[in-house]
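This report concerns only the one structure given below.
The values are calculated or read from the model by the stated rules, or taken from the named source; none is laboratory data. As the structure is a prediction and not an experimental result, all values here were calculated from the model. Here the Cβ positions follow ideal geometry from the backbone for every residue, glycine too, while neighbour counts run over all protein chains shown.
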Amino acid sequence: MNLKKLMLVVITSAGVMLPLQGYSDTITGAQNKELKSKCKDGRPRKVSEFNEVLAQAKSNALRSWAAGKSVAISNIFNDNEEKILANLDEYFLNAQVDQRCKGKSFKLKVKGLVDVNKISRLGKSEMTGPRSRITAVFLARKADTVKSYDVKRTSIEASTLFSEGSDTASMGGSSASAEGYLSSKSVKESGGSSVSKADKITWNVFRPSGLDAAVSQTFTSFGFKMVDVSQVASRSPGFDLGAFNEDFTVGDDLRPDTKNSAFNAIAGKIPILVIATVDVGQRDSDPVSGLKRVYATVKAQVYQDDGLFYETVASVQPTQYSGIGPNETVAETNALIKAAEAASNEIVQQLNAANIR
């Protein structure tokens with residue numbers, strides 16, 4: 001077996017909304033200022049004061065967004081903060097401003113989109129030259145059946161009996177007398193424990209259109225050589241997409257045999273493998289637009305072959321996204337695409353940080 005480095009990225013993701021042209025997050029920021037002069041017509045008298053507060057609100061929004069992201073994204077933002085804040089309108093898009101000016105008090109709140117891809121590419125400069133081949137299996141999942149279990153309760157009762165008494169006696173002449181008493185009390189104690197069993201979920205696994213394109217766009221834009229997974233499966237015995245489906249129907253990870261077969265099938269050919277599941281979650285309506293909304297969660301793990309073992313080199317913690325659309329089908333598709341792109345983008349940043357080509 002060729003001992004070239006082999007990596008497995010296992011992603012489980014769940015529905016989200018994503019604009020097809022790029023990955024963006026909605027952010028908000030606020031800033032207050034005591035003005036030197038009273039407001040006029042609901043605004044500061046000086047345009048420069050308005051622009052100053054607006055810029056500070058946008059900066060606050062971007063800083064808060066970066067603080068809530070992964071270490072890889074946060075580091076990119078921190079390393080390029082001066083450049084980003086000096087060119088706010090390139091990274092903060094579609095700004096919507098809500099302002100209140102009364103007396104000398106000016107309050108401003110701004111909502112918009114942060115161009116995640118543009119910020120992510122600020123960390124790309126150190127990675128030059130060709131990068132590895134990569135292939136990806138993205139499988140969407142919907143709960144087919146859910147088996148719930150009642151809580152099992154074990155009760156324990158214990159009783160304790162306490163008794164006490166005393167007696168006295170006296171004797172005089174030819175007579176004797178005695179007296180005494182006896183009392184008792186009982187204490188009953190109860191306790192026990194409860195055991196709950198997790199729901200057993202059987203999933204309906206499928207491959208939705210659009211996910212492959214979203215993932216390919218992310219990886220190829222960072223220099224990786226994307227290989228279509230259907231081609232990999234047809235030309236690599238042991239790379240069994242059917243086994244992937246079966247494993248993810250009843251569990252959240254691949255069986256060791258399935259995973260090892262995938263490693264062996266592409267060893268020496270494709271050093272990076274992405275395996276993803278996208279779990280479609282709750283559905284409701286967006287309170288602002290009235291459109292249908294679908295939720296989902298994405299998580300990921302990345303393993304790299306060091307020649308002996310497959311070590312974990314990156315991971316994405318479970319993160320929830322949502323997608324909206326005129327109907328549930330469109331909302332679900334948007335959700336799945338956003339989850340896929342968010343996960344692949346985060347993986348790239350962690351691979352860059354680890355200098356993995």
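Residues that are among the polar types (S, T, N, Q) and without any contact (Cβ under 8 Å) to a residue 24 or more places away in the chain within the range 234-283 comprise 234, 258, 260, 261, 282, listed in sequence order.
Filtered by the rule that a residue be among the charged types (D, E, K, R) and surrounded by 15 or more Cβ atoms within 10 Å (Cβ to Cβ), the range 301-320 gives a lone residue, 305. Within the range 279-300, the set of residues being at pLDDT below 85 and surrounded by 15 or more Cβ atoms within 10 Å (Cβ to Cβ) comprises 297, 298, 299, 300.
On the stretch given as the range 308-357, residues that are of a type in the set (Gly, Ala, Ser) and assigned to a helix (DSSP H, G or I) total 8.
Selection of helices (runs of 4 or more DSSP H) fully inside the range 74-148 by the criterion of at least 1 residues being aromatic (Phe, Trp, Tyr) returns 88-91. Within the range 332-357, residues that are closer than 15 Å to residue 223 by Cα reach partners that are basic (Lys, Arg) with beta carbons closer than 6 Å, at six or more positions or on different chains, in the pairs 357/131. All of 30, 57 fail the test of being under 27 Å from the mean Cα position of the chain (by Cα), modelled with pLDDT of 90 or more, farther than 30 Å from residue 272 by Cα and not in a helix (DSSP H, G or I), apart from 30.
Scan the range 242-254 and give yes if some residue there is part of a loop (DSSP other than H, G, I, E, B), in contact with a Ser or Thr (Cβ under 6 Å, 6 or more places away or on another chain) and either modelled with pLDDT of 95 or more or within 22 Å of residue 351 (Cα to Cα) (or both), otherwise no. No - not one qualifying residue is present in the range 242-254.
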